[in-house]
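Below is one structure, written out as structure tokens, with a few remarks after it.
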There are 2 protein chains.
Amino acid sequence: MSSGYYKYQLTIDKFLDSGETVFPTREIVYTDKRRYTFKKFAESAKILANALKKIGVKKGDIVGVIDWDTDVYMHLYYAVPMIGAVLHTVNLRYPPELIIKTMLHAEDKWVIIRDDLIGLVEDIKNFNPNIRFIIYNDDKEKIKVDDKTIDFWDLLQGEPKYDPDEEGLKEDMMATLMYTSGTTGNPKGVWFTHRDLVLHAMAMGTISRAPPVELTTRDVVMSLVPMFHVHSWGFPYVALASGLKYVLPGVYNPATQLKLIANEGVTFSAMVPTILFMILAQPDIDDYKPYLKNWKVAIGGEALPEGLARKAREYGIKLYSGYGLTETCPVLTVAYHNSIVESFDEEKKFEIQLSAGVPIPGVKLRIVDEEGKDVPRGKIGEIVVRAPWTTREYYKDPEKTAQLWRGGWLHTGDLGYIDEYGYLHLVDREKDAIKSGGEFIPSLLLETVISLHPSVAEVAVVGIRHEKWGERPVAFIVPNGQFDEVEMRKFLMKKVEEGKIQKWWIPDRFFVVEDIPKTSTMKADKKLLREMASKELQKQK
Amino acid sequence: MSSGYYKYQLTIDKFLDSGETVFPTREIVYTDKRRYTFKKFAESAKILANALKKIGVKKGDIVGVIDWDTDVYMHLYYAVPMIGAVLHTVNLRYPPELIIKTMLHAEDKWVIIRDDLIGLVEDIKNFNPNIRFIIYNDDKEKIKVDDKTIDFWDLLQGEPKYDPDEEGLKEDMMATLMYTSGTTGNPKGVWFTHRDLVLHAMAMGTISRAPPVELTTRDVVMSLVPMFHVHSWGFPYVALASGLKYVLPGVYNPATQLKLIANEGVTFSAMVPTILFMILAQPDIDDYKPYLKNWKVAIGGEALPEGLARKAREYGIKLYSGYGLTETCPVLTVAYHNSIVESFDEEKKFEIQLSAGVPIPGVKLRIVDEEGKDVPRGKIGEIVVRAPWTTREYYKDPEKTAQLWRGGWLHTGDLGYIDEYGYLHLVDREKDAIKSGGEFIPSLLLETVISLHPSVAEVAVVGIRHEKWGERPVAFIVPNGQFDEVEMRKFLMKKVEEGKIQKWWIPDRFFVVEDIPKTSTMKADKKLLREMASKELQKQK
């Protein structure tokens, strides 16, 4: 037995402890399939941690998980890092080729996957025959296993005994790993330590009591940010740490989500605008009015369109916005009321709530010019930050890491300004990435695939505003002889089948042009192209 | 300029930053004398930090502060640790001899003191002629200075430029130092790092949104725990971190406190029961009814008497209890509603709120037997803890440190049990310390002083319950010939004048007995003595 001062480690098992001890009867609900009290869940996660060790998962092993927002995923959020292994939250919205690329880059040793998603990654065995699969069926039906495959449900047996010290768990150990795609389709790995996760969740807990949401321990949270997306913005950890009932929606479906809001008394959710758009577009939305007036929604991932926000307000939904990156765990700012805004009238408060917000405790945020100097208040510049929970690096990529962290500040690549009340407003992404439904479409990768067709001499893809999806891609083509759009769409569908791109990446429109306008550095002038596309579409209305 | 990943440090300047950036117009109010916005205060604290450096305060210097709860103290809570120096919060309720003893033990290099308190410590110059005095007058009147003395207000000039990295500030640096007295009157030093303070404040912020208090950023806090007592339970840091208006009451006076509650809209306070008793005993208390019904009170330091709690409830005051030690920064548990209690009826909730509470996030608490093994739920044992913010050691006392941290758990020396809902109940202090008005009276020191009188053959002092003070000391005397109580009181008053003991330590009653009952280890049986005293006083009613 160790003696003397106990050097306490900020590791995520502490949240499990806290939830189990203080809120033993609080619930975790997975759709209408399964429910756990915090006490039961904590025991179950500890049993799983032991079982994973027993089958050979070792400290430092990367464990890829491919799943929707389920009770299984929730278990893994805790059990995998608790034994010193690393939870790789695989982005299942990538095309299969890209999924496998990230898994190979991460050097996943294990894959934990829902049986109906196996098709996405079966090919990985060609690259790494030693990778071990742990599979589960959502209805707990027995998986047909070979000697190398494990049925997940078999692992939930044993003792819940768990001691972080015996595991040698330290707060600076890597706990999670995920990939974020830029314009090139070469996703970059970012990773977080236990300490990052703990501090992020604590800061979120501290500030969630500010107006307009003023969460208490009796609120019920259902995050509608997929669990493969930057820790579902931290809520699976915040819930246990802060005693909040937690609802997991499974496969995303607005009808299911509405039912859960009503049946489980959900009072708070986080999501990208597209999800809110789809929920409010449900034909029976008016039947849910009594529940929606108690619903508070945090929006992130991209700017919240004012029209959508006003529609939500008509249902009594309290709405506010936030901002962050995969690289920042993710939350940096939230549009809660500061000491100035809290005395504004409702309409002005509402407008402020649509901004990107003010830093959450611990975040230091600056707006800088190209030399890294602060611009005056109100002026546009690049957003750079420091926070207790940023990624240290792009995984195995020292060059991009140096670029990210130049001058000792994390460069977001986003442009914005701070208004007179201290609120951040995003102006435009510096990068040419397209974000559709909260997911990046890597424009350079898409351009490469399109350019493979012999009829294309030159191509540029840009994103244009879209009411439902936020942005949608359109392509400008300089043809090589004749350009046939129908033929191109067929060609791209084949690339979808080959797992090179996703179906929803296919541009909504193809514009044939004589040449593509260039910037002074001879790159496609995407700003001008976006304007051209908008004008063209305007004309055609 | 540094480059690459920025290793973020949990240092208390971050709270100043956060307060200034997000809640610039939020106020800090010192009685009716001075007010600051968070922005102004942050600037002022940074100016002070620079000035302290300029006059020669160095990294690692121990800076003793002797003051009531003032704006000056609030500045020092930040400015001193921000330059890597250590804030020694001197307990001015100790007798002067003990105050000086702690300052010599701490090796204070600087004393920052209010001019009307100088009498307490002037003698220290006899022991350490090099100690430098920084003095201030509460009305900003000019201090008559010699060349070795500095007027505090002169330091609030200069630039608010401050960069923790230039200071070389690290989260594991010692930030605060204070002394806690046991029964022997040999106060033990305990100290905390920046990280301890930050994590403690974050956890307090997280849980303060739980019922029954449900604080939001619009609440107004006035801590009535003196700032020389374990960081006023952390509220001077919580306020800036969480955007809460903060009221400083100056010299403690129930009439002033009530006026501040009314005039500044105070909605939350923390205190020992005696303070609440004195406030509710004010003759004009009923005039404050409209304000008291919005007042939420956290009680700690000793058990909350039910009678007092019920009286408070009649005024609509929302009341709950907590538990912690100087050694634990201090908060360990708070009687907020967990997932079981929140559905109880009001009366049962009220009873639970009088318990010591449930652990705040991060605290691991066990009840153990003499071998350090867990006792079954409901059984009495010693409370042992681990938390992210405990003291590492008793300062310069490896022997007592080993005792405190045996088996890798901090031994509180308090007895308690956990009830069926998970709430801690304190049973009795294992030690024989007496706590009166929230302050310890070191019984062994007091016994030694009493025994110096020639008429005393043997003496034992115990604490008995007291409605207002919590406990009051009574003495059992085995006389050496004749015992004259009047003569004894005169003798003890002389010891007060000599600075050996405090006036309020003098026992309320002296019982002359033939012998003092002993335990099996031949120590005074203080449990039995307490019973004897209670019975005797009962009889005399």
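The values are calculated or read from the model by the stated rules, or taken from the named source; none is laboratory data. The model shown is predicted, which means the values in this text are computed figures rather than measured ones. FYI the Cβ positions are ideal-geometry reconstructions off the backbone, even for glycines, and counts take in every protein chain you see. Areas reflect the complete protein model, heavy atoms only, side chains present, ligands, DNA and RNA absent. Shrake-Rupley method; radii C 1.70, N 1.55, O 1.52, S 1.80 Å.
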Among the candidates A:328, A:274, A:256, residue that is of a type in the set (Ser, Thr, Tyr), under 15 Å from the mean Cα position of the chain (by Cα) and farther than 27 Å from residue B:203 by Cβ: A:274
Count of residues meeting criterion [within 11 Å of chain A (Cβ to nearest Cβ) and not in a loop (DSSP other than H, G, I, E, B)] in region B:404-421: 6
Any hit, region B:101-108, residues being at pLDDT 95 or above and either of a type in the set (Gly, Ala, Ser) or under 15 Å from residue B:227 (Cα atoms) (or both): yes
Positions within region A:246-259 being farther than 11 Å from residue A:221 by Cα and either of a type in the set (Ser, Thr, Tyr) or touching a Gly at 6+ places or on another chain (Cβ under 9 Å) (or both), in sequence order: A:252, A:256
Strands (runs of 3 or more DSSP E) fully within region A:426-541 counting 3 or more residues that are over 30 Å from residue A:354 (Cα atoms): A:456-466, A:470-479, A:509-512
One residue from A:380, A:352, A:367, A:340 being aliphatic (A, V, I, L, M) and modelled with pLDDT under 95: A:380
Qualifying residue in region A:389-397 (condition: of a type in the set (Val, Ile, Thr), within 11 Å of chain B (Cβ to nearest Cβ) and not in a loop (DSSP other than H, G, I, E, B)): no
For residue A:161: the one exception among (1) closer than 30 Å to residue A:224 by Cβ; (2) open to solvent by 40 Å² or more (accessible area, probe 1.4 Å): (1)
Residue list for region A:291-321, restricted to those being in a helix (DSSP H, G or I) and touching a residue at least 12 places away in the same chain (Cβ under 8 Å): A:291, A:292, A:306, A:307, A:308, A:309, A:311, A:312, A:313
Conditions (1) open to solvent by 10 Å² or more (accessible area, probe 1.4 Å); (2) over 24 Å from residue B:75 (Cα atoms): number failed by residue B:267: (2)
Residue match in region A:275-289 (condition: in contact with a strand residue (DSSP E or B) (Cβ under 7 Å, 6 or more places away or on another chain), surrounded by fewer than 20 Cβ atoms within 10 Å (Cβ to Cβ) and either assigned to a helix (DSSP H, G or I) or of a type in the set (A, V, I, L, M, F, W, C) (or both)): no
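Listed here are the residues, each with its yes/no results for (1) within 12 Å of chain A (Cβ to nearest Cβ); (2) in contact with a helix residue (DSSP H, G or I) (Cβ under 9 Å, 6 or more places away or on another chain); (3) at positive phi.
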| residue | (1), (2), (3) |
| --- | --- |
| B:177 | no, yes, no |
| B:189 | no, yes, no |
| B:194 | no, yes, no |
| B:203 | yes, yes, no |
| B:207 | yes, yes, no |
| B:216 | yes, no, no |
Failed item, numbered, when residue B:306 is tested on (1) under 30 Å from residue B:24 (Cα atoms); (2) acidic (Asp, Glu); (3) modelled with pLDDT under 95: (1)
Tally, over region B:322-350, of residues that are without any contact (Cβ under 8 Å) to a residue 40 or more places away in the chain and part of a helix (DSSP H, G or I): 4
Qualifying position, being away from chain B (no Cβ under 13 Å) and touching a residue at least 24 places away in the same chain (Cβ under 8 Å), among A:164, A:226: A:226
Candidates A:131, A:112, A:124 - the one that is in the same structural domain as residue A:186 (by TED's automatic domain parsing) and buried (at least 23 other Cβ atoms within 10 Å of the Cβ): A:112
Strands (runs of 3 or more DSSP E) lying entirely in region B:1-112 (those with 2 or more residues that are within 14 Å of chain A (Cβ to nearest Cβ)): B:27-30, B:34-37
Matching entry among B:214, B:171, B:166 (being under 26 Å from the mean Cα position of the chain (by Cα) and open to solvent by 40 Å² or more (accessible area, probe 1.4 Å)): B:214
Out of A:143, A:150, sole residue that is assigned to a loop (DSSP other than H, G, I, E, B), assigned by TED's automatic domain parsing to the domain that holds residue A:77 and in contact (Cβ under 8 Å) with a residue 24 or more places away in the chain: A:143
Extreme residue, nearest to the other protein chains (Cβ to nearest Cβ), among residues of region A:378-388 that are in contact (Cβ under 8 Å) with a residue 40 or more places away in the chain and in contact with a strand residue (DSSP E or B) (Cβ under 9 Å, 6 or more places away or on another chain): A:387
Complete set of residues in region A:500-510 that are surrounded by fewer than 17 Cβ atoms within 10 Å (Cβ to Cβ) and in contact with an Asp or Glu (Cβ under 9 Å, 6 or more places away or on another chain): A:504, A:509
Residue in region B:418-427 that is open to solvent by 30 Å² or more (accessible area, probe 1.4 Å) and either free of Cβ contacts under 8 Å to residues at least 40 places away in the same chain or at positive phi (or both) present: no
Selection count, region B:331-356, where residues are within 10 Å of chain A (Cβ to nearest Cβ), under 21 Å from the mean Cα position of the chain (by Cα) and among the polar types (S, T, N, Q): 1
Qualifying residue in region B:357-364 (condition: open to solvent by 10 Å² or more (accessible area, probe 1.4 Å) and more than 9 Å from chain A (Cβ to nearest Cβ)): no
Within region A:33-42, considering residues that are open to solvent by 60 Å² or more (accessible area, probe 1.4 Å) and touching a residue at least 12 places away in the same chain (Cβ under 8 Å), the one farthest from residue A:253 (Cα to Cα): A:39
Members of region B:460-486 found to be farther than 22 Å from residue B:94 by Cα, buried (at least 21 other Cβ atoms within 10 Å of the Cβ) and without any contact (Cβ under 8 Å) to a residue 40 or more places away in the chain, listed by number: B:477
Check on residue A:220, within 14 Å of chain B (Cβ to nearest Cβ), farther than 19 Å from residue B:358 by Cβ and either over 18 Å from the mean Cα position of the chain (by Cα) or open to solvent by less than 10 Å² (accessible area, probe 1.4 Å) (or both): yes
